[in-house]
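Some notes on the structure that comes next.
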Amino acid sequence: MKPSDERISRRTVIAGATLIPISAIQAAPQRPPSQTASSVFSPEQRHILEAFIDRLVPKDDIGPGAVECGVGEYIDRSLADYLAAEKTQFLDGLAALDSYARSSQGSPFAELSPDKRDAMLTAIDNNQAPNLRGFFNRVRRLTLEGMFSDPYYGGNKNFAGWDLIRYPGIRLAVGPEDQKMKTLPALNHKSAYGGGEHGH
């Protein structure tokens, strides 16, 4: 499979995965992570993370990608709060990913072309770098959470993740017309936690 095909395949899977929003919302923390905690990432670490999540869900003609949807912010807030026990392991994973890029590609991960980053991540996903497979899976999981959980948690900015998969949003009641399922339900761009138009 060519790198371009791999990108299309990933995005198509995400766009068509109707069960993602339910699992992502259920996986979100019981309380929103702190919105005032300082960042757990250095600028360099954040750059590596965003180069990674950008290839998991790239921006394309369907809509914004993981970076634009605030997935990095979601992961940052989570590691600063309810996932604090994972912080050291996560930062070690970023360092190991960058080290693997330097040794196998001759450049830092964030400086590689999109095709080379795709090739690296595909190799990791295919267990060709076993020490990074667990980290890859964890970042992928957190990326899905950040894309599709309630915007109050830091990701899913402007409800773009919900719009991508046509998730209509949280509602307390469903009217008779919506129950007939003849048309797509109207989008409800509201956070379960309130806090303004974008849920932040």
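Pulled fully out, how much extra length does the chain show between ASP60 and GLU111, if you take 0.36 nm times their separation in residues and subtract their Cα-Cα distance? Kindly include the intermediate steps, with their values, before the conclusion.
Details: separation 51, 0.36 × 51 = 18.36 nm, distance 2.01 nm.
Computed gain between ASP60 and GLU111 is 16.3 nm.
Exceeding 25 Å between C-alpha atoms, which entries from my cross-link table qualify? They are LYS157/LYS182; LYS59/LYS157; LYS59/LYS116; LYS87/LYS157. Before the final figure, lay out the partial values.
On the way: LYS157/LYS182 29 Å; LYS59/LYS157 14 Å; LYS59/LYS116 17 Å; LYS87/LYS157 23 Å.
In this structure, LYS157/LYS182 exceed 25 Å between Cα atoms.
Between amide H atoms placed 1.01 Å from N, distances below 5 Å from LYS59 occur with GLY65, ALA66, all of them 5 or more places distant or on a separate chain. A probe of 1.4 angstrom, applied to the heavy atoms of all protein chains, finds ILE165 with accessible area near 20 square angstrom. Placing unit charges on the Cβ atoms only, positive for Lys and Arg and negative for Asp and Glu, gives segment 81-175 a dipole magnitude near 160 debye about its Cα centre. The solvent-accessible area of GLU86, taken with every protein chain present and a 1.4 Å probe, is close to 50 Å². Applied to segment 107-119, the Karplus parametrisation 6.51 cos²θ - 1.76 cosθ + 1.60 on θ = phi - 60° returns per-residue 3J(HN,Hα) values of 8, x, 4, 5, 9, 6, 5, x, 5, 5, 5, 4, 4 Hz, with x for Gly and Pro. Annotation: LYS59 carries an accessible surface of approximately 130 Å², with a 1.4 Å probe and no ligand, DNA or RNA atoms counted. Which of rounded, prolate, oblate describes segment 45-101, given a ≥ b ≥ c as roots of the alpha-carbon gyration tensor eigenvalues and a/c under 1.5 marking rounded, otherwise prolate only if a/b is larger than b/c? Here segment 45-101 falls in the oblate category. Stretching the chain fully between SER104 and HIS189 yields a gain of 26.2 nm (0.36 nm per residue, less the alpha carbon separation). Net charge in the neighbourhood of PHE90 (other residues with Cβ under 11 Å of its Cβ; Lys, Arg +1, Asp, Glu -1) is -1.
Summarising the amide proton neighbourhood of ASN188: residues at separation of 5 or more, or on other chains, whose placed amide H is nearer than 5 Å comprise GLY169. Computed extension gain for ASP92 through THR122, at 0.36 nm per residue and net of the alpha carbon distance, reaches 8.8 nm. Each residue of segment 146-161 was assigned a 3J(HN,Hα) from its phi angle through the Karplus expression (A = 6.51, B = -1.76, C = 1.60, θ = phi - 60°), giving x, 6, 10, 7, 4, x, 4, 7, x, x, 6, 4, 6, 6, 5, x Hz with x at Gly and Pro.
The values are calculated or read from the model by the stated rules, or taken from the named source; none is laboratory data. Owing to the predicted nature of the structure, the values given are computational and were not obtained by experimental measurement. A quick note on method: Cβ atoms are made from the backbone with ideal geometry, for glycine too, and the neighbour counts reach across all protein chains shown. Only protein heavy atoms, including side chains, enter the accessible area calculation; ligands, DNA and RNA are left aside. Shrake-Rupley method; radii C 1.70, N 1.55, O 1.52, S 1.80 Å.
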